[in-house]
Amino acid sequence: MSEKENTLATKYDPKEVEDKWYQYWESHDLFKSVPDEREPYCIVIPPPNVTGVLHMGHMLNNTIQDILIRRARMEGKNALWVPGTDHASIATEAKVVKRLAEQGIRKRDLTRDEFLKHAWDWTHEHGGIILQQLRKLGASCDWSRTAFTMDETRSKSVLKVFVDLYDKGYIYRGLRMVNWDPKAQTALSNEEVIYKEEKSHLFYLKYYVDGLEALENEEQLRAEGNIIHKDEKGYYAVVATTRPETIMGDTAMCINPKDPKNQWLKGRKVIVPLVGRVINVIEDRYVEIEFGTGCLKVTPAHDPNDYVLGKTHNLETIDIFNADATISEQSPLYVGMDRMECRKVIVEDLKAAGLIEKIEDYENKVGYSERNSDTAVEPRLCMQWFLKMKHFAEIALPCVKNDELKFHPAKYKNIYNVWLEGIQDWCISRQLWWGHRIPAYFLPTDSEDKEVYVVALNEEEALEKARKIPGYENIEASQLRHDEDALDTWFSSWLWPISLFDGINNPGNEEIKYYYPTNDLVTAPDIIFFWVDKLGRKMSKSLGNSPDPLKLIEQFGADGVRMGLMLAAPAGNDILYDDSLCEQGRNFNNKIWNAFRLVKGWEVADVEQPEASRQAVLWFRNQLNDALATVKDHFSKFRLSDAMMVLYRLFWEEFSAWYLEAVKPAYGQPMDRATMQATLEYFDMLLRLLHPFMPFITEELWQHLDERKDGESIMYALIPEPQQADQELLKAMADVKEIVAGVRNVRKQKNLPNKEQLTLQAVGGLNNPFEAIITKLAGLEKIEAVTEKDATAAAFMVGTAEFAVPVAGSIDVEAEIKKLEADLEYTRGFLASVEKKLSNERFVANAPAAVVEGERKKKADAESKIATMEQALQTLKK
RNA sequence: GGGCAGUUAGCGCAGUUGGUUCAGAGCAUCUGCCUUACAAGCAGAGGGUCGGGGGUUCGAAUCCCUCACUGCCCACCA
């Protein structure tokens with residue numbers, strides 16, 4: 001056996017290992033979960049875009065989920081992680097349209113069904129990619145449950161919920177100003193608009209006052225603070241705007257009634273530049289007096305505020321844009337021109353006509369479509385479907401306020417509250433074909449402005465409902481017109497956790513009862529962090545610009561990348577990508593790999609257990625239990641990076657550097673059975689603890705560690721409850737490390753070879769249960785209890801204990817004295833501060849007894865240390 | 001414009017109810033080592049006025065005030 005193991009490469013190669021074990025896990029159905037008597041632990045994957053590929057944000061998110069799921073599984077819970085994808089209607093439709101365009105096909109030339117066929121083809125081609133990538137990462141999802149937001153079950157659920165909410169009055173249809181994406185030609189929700197600071201210009205346009213030839217009492221008006229513009233063509237008002245191309249839609253000019261600058265404009269009419277339309281000057285306190293000139297052009301069709309003004313003041317609405325943001329027939333000028341082009345042209349025309357007073361540089365925020373990032377969103381007035389959010393906010397807020405539902409980290413609680421409290425109705429309709437078609441059916445009416453419709457699951461039900469409407473008793477199915485629009489993707493996403501278990505179509509089914517009701521899932525409410533509606537989406541977006549995760553996996557192995565991510569991302573903070581972190585992860589893999597090579601290389605024989613090994617076995621059992629408890633605590637607080645770091649150190653420092661060195665037989669010597677068994681047991685436990693973080697290498701080594709049956713896996717090896725660790729022993733080991741380090745320092749300073757066995761003098765004797773470990777790791781011949789150390793020995797202190805190594809040849813007395821004196825000075829200062837504290841009556845009276853006691857001990861320790869040092873100094877100076 | 005976080009070693013961070021030698025771990029850096037598991041390694045070392053100032057307290061990285069800077073969120077100033 002050892003012969004074979006010893007031929008293992010000195011470097012771990014993840015490539016061979018990872019695919020092999022993933023296939024093993026999948027083919028043995030190890031990710032699968034069905035309800036049983038165990039406690040359930042369920043995470044529902046926030047469905048990534050079907051069109052997407054993994055980026056670092058996904059990687060982090062899914063690594064975290066996989067760690068939690070694997071850990072829960074190893075705690076004996078019935079762990080289920082349901083994967084799925086999201087149909088991402090707007091993004092997918094855009095990509096399909098683009099591909100069709102490349103083939104010379106225009107969307108508008110296709111029927112809805114034809115287009116959908118292309119979309120499905122596209123989805124089938126690209127849809128699985130992201131899920132394949134998750135497999136590379138090691139995600140232990142139950143793939144048999146893979147769902148898609150547009151599969152049959154989910155689609156039925158979505159429509160059912162829509163009809164239900166409509167019937168209850170939470171969904172309505174209305175003419176509203178919405179965010180319009182002119183490229184995708186669809187409405188967007190507020191959440192799909194991203195505002196960007198942009199350098200632009202503020203154009204000051206002249207609006208001549210209609211029919212005003214001479215202003216009486218002009219001087220007096222000026223004296224009262226009016227700012228009156230006048231040129232050879234007459235009196236004019238100046239309006240500042242960033243969007244001069246919208247002047248064709250102006251139907252009023254508005255001033256603040258209290259604005260002293262513009263009093264003279266009250267009750268007058270002005271002429272829209274170039275257009276020539278005469279509009280009223282209206283007054284509204286909405287207008288900021290300080291901004292620009294205090295004169296606002298009002299374009300009710302193209303600005304949300306102007307829309308409100310238009311309603312208040314009964315203004316005409318002129319929609320000068322087509323759906324693709326070209327100028328519409330309603331405009332007197334520039335018909336058919338693109339809005340951006342129009343802006344350039346109109347500015348030139350205005351200049352030429354002398355209608356621009358001045359142009360200033362200006363920075364403002366422009367909304368862009370989240371999915372078509374190069375397309376500025378246009379406010380547009382149109383009929384859309386809305387969900388009344390107030391009702392849902394009222395349900396959702398208290399759960400978080402009273403901590404029924406928790407965020408990790410907690411700071412997101414406030415963000416969530418603010419977001420929900422200020423929430424506006426959600427525009428849920430999209431003018432897209434790819435998505436859940438809105439289950440509304442329009443009935444013929446005598447006027448275009450009038451809408452009569454029914455909302456129903458399907459055509460038959462719609463017909464039934466329609467026939468109950470007075471006047472439509474005899475309507476035929478062919479007269480119903482199914483709404484062309486689709487629902488916002490997020491309308492299906494929010495139902496995802498329920499619809500996965502078919503809880504909407506089939507309420508109360510066995511699976512939903514077992515996995516879903518969150519109050520039955522002790523831990524599930526905590527993980528809402530991963531399912532935080534739009535918040536989660538926003539958080540992961542900032543991680544978009546990172547390197548290709550698959551390349552990283554190729555380079556460092558999935559385990560290495562997973563670990564790099566955990567090291568980089570303390571809970572809740574954005575990750576900062578750095579190659580060196582993955583490198584550190586990879587190096588750790590290698591460390592584990594080599595520790596395994598060492599252990600498996602040992603020959604076992606019937607020899608007596610060395611004392612050092614016996615002591616090391618005892619110590620490490622306690623060390624392991626201590627770590628077990630710490631890791632458990634970190635997990636309970638979702639501090640996965642901290643848990644990882646504890647294990648990293650446990651394996652590297654405690655196990656490899658100390659334990660293995662302590663039990664390692666001399667070259668060519670065999671290993672005793674007891675130590676070997678304990679070592680294998682520890683190794684097994686370390687692998688289990690590490691498995692959630694690094695699933696592949698741990699499986700590989702665990703399988704090698706012992707005979708395993710086919711289908712057996714570390715995935716289901718249990719992580720036990722921590723047992724009480726003996727803190728005295730851990731403290732004793734800490735001393736051991738210091739003593740060994742002390743001897744090693746002496747070796748280094750005196751240039752003594754490691755092979756030379758030394759004697760260690762312990763002044764006053766050594767009281768430590770791990771003496772044999774010290775002897776072995778410090779390379780000692782013996783440890784001597786002495787009352788006084790050799791005058792020429794190299795000395796060091798551990799706590800209050802003094803040690804010395806007699807060395808051949810003399811020591812540098814001068815240097816030694818200097819060092820001791822510096823130490824002495826420091827310790828005296830320390831003592832002084834402690835004494836000062838203790839002599840302060842208020843401290844002694846007010847501080848807790850334990851603290852005072854601690855200070856007394858510090859004082860005693862310092863005094864004894866000083867005494868020792870003084871004596872040593874005297875000896876040296878002799 | 002409003003709100004919320006944060007500022008601790010070169011870097012990214014931990015530090016729980018103020019008190020145990022509490023100023024920390026990791027990476028990086030420096031020094032010495034190819035010691036028979038591992039140079040992707042081993043053994044060591046250095047490095048911080050805890051953003052500035054003030055206050056409360058016997059005692060402050062920790063609590064309060066204030067200033068500075070950074071980040072995030074929200075908002076209709078054309």
Rg/Rg_ref, chain A, where Rg_ref = 2.2 N^0.38 Å and atoms are Cα: 1.32
Spatially proximal lysines relative to A:K401 (Cα-Cα < 17 Å; intrachain offsets below 8 disregarded): A:K390, A:K411, A:K413
Modelled FRET efficiency - R0 25 Å, A:V418 with A:D633, Cβ distances, 0.05 increments: 0.20
Sequence of A:Y514, A:Y716 when ordered by accessible area, the most exposed leading, probe 1.4 angstrom: A:Y716, A:Y514
From the C-alpha gyration tensor of the stretch A:255-305, square roots of 5λ in Å: 18, 15, 9
Under 5 Å, built H, 5+ apart or other chain: amide partners of A:A88: A:V50
Listed residue (A:Q874, A:I105, A:W652) projecting farthest to the positive dipole end of chain A, Cβ model: A:Q874
P(r) histogram, all alpha-carbon pairs of the stretch A:350-402 included - 5 Å bins from 0, percent: 4, 11, 8, 10, 12, 16, 14, 9, 5, 4, 4, 3, 1
Zone residues, the stretch A:149-183, relative to A:E464, backbone N less than 18 Å from point 7 Å out along Cα-to-Cβ: A:156-157, A:159-168
Set of lysines near A:K344 by C-alpha distance (under 26 Å), chain-local residues within fewer than 8 positions excluded: A:K183, A:K196, A:K199, A:K206, A:K233, A:K297, A:K358, A:K365
Total lysine pairs under 18 Å (Cα atoms) in the stretch A:741-813, excluding pairs fewer than 8 apart on one chain: 4
Peptides ranked, highest mean first, by Cβ atoms within 10 Å: ranges A:229-240, A:815-826, A:554-565: A:554-565, A:229-240, A:815-826
Solvent-accessible surface ranking, highest first, for A:R481, A:R614 at 1.4 angstrom: A:R481, A:R614
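Rounded, prolate or oblate: which fits the stretch A:581-626, taking a ≥ b ≥ c as square roots of the Cα gyration tensor eigenvalues, rounded meaning a/c under 1.5, else prolate when a/b beats b/c?
Verdict is oblate for the stretch A:581-626.
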Solvent-accessible surface (1.4 angstrom probe) belonging to A:H126, in square angstrom, nearest 10: 50
Accessible area per residue in Å² at 1.4 Å probe, computed on the stretch A:232-385: 44
Ratio Rg/Rh, restricted to the stretch A:118-226 and using Cα atoms, in which Rh is the Kirkwood radius: 1.31
Accessible carbon and sulfur surface of chain A relative to its total accessible area, %, 1.4 Å: 50
Value at 222 nm in deg cm²/dmol, rounded to 500, when DSSP H runs of n ≥ 4 in chain A each add -39,500 (n - 2.57): -13500 deg cm²/dmol
Extreme residue, positive dipole direction of chain A, given options A:I714, A:F392, A:Q615 (C-beta unit charges): A:Q615
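Tell me whether the stretch A:132-189 comes out rounded, prolate or oblate; compute the Cα gyration tensor, take square roots of the eigenvalues as a ≥ b ≥ c, and use a/c under 1.5 as the rounded threshold.
Here the stretch A:132-189 falls in the oblate category.
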Dipole magnitude of chain A, debye to nearest 20 (Cβ charges: Lys/Arg +1, Asp/Glu -1, about Cα centre): 1260
Exposure of A:K136 as accessible area (Å², to 10), given a probe of 1.4 Å and all protein chains: 90
Percentage of interatomic Cα-Cα distances in the stretch A:143-297 larger than 26 Å: 50
Counting DSSP beta bridges with both ends in chain A, the antiparallel % (nearest 5): 75
Ranking by accessible area, most exposed first, for A:T792, A:T679, A:T445 with a 1.4 Å probe: A:T792, A:T445, A:T679
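The values are calculated or read from the model by the stated rules, or taken from the named source; none is laboratory data. None of these values were measured; they are calculated from a predicted model. Every residue, glycine as well, gets a Cβ built from its backbone with ideal geometry; the counts of neighbours run over all protein chains shown. What goes into the accessible areas is simple: the full protein's heavy atoms, side chains included, and nothing from ligands, DNA or RNA. Shrake-Rupley method; radii C 1.70, N 1.55, O 1.52, S 1.80 Å.
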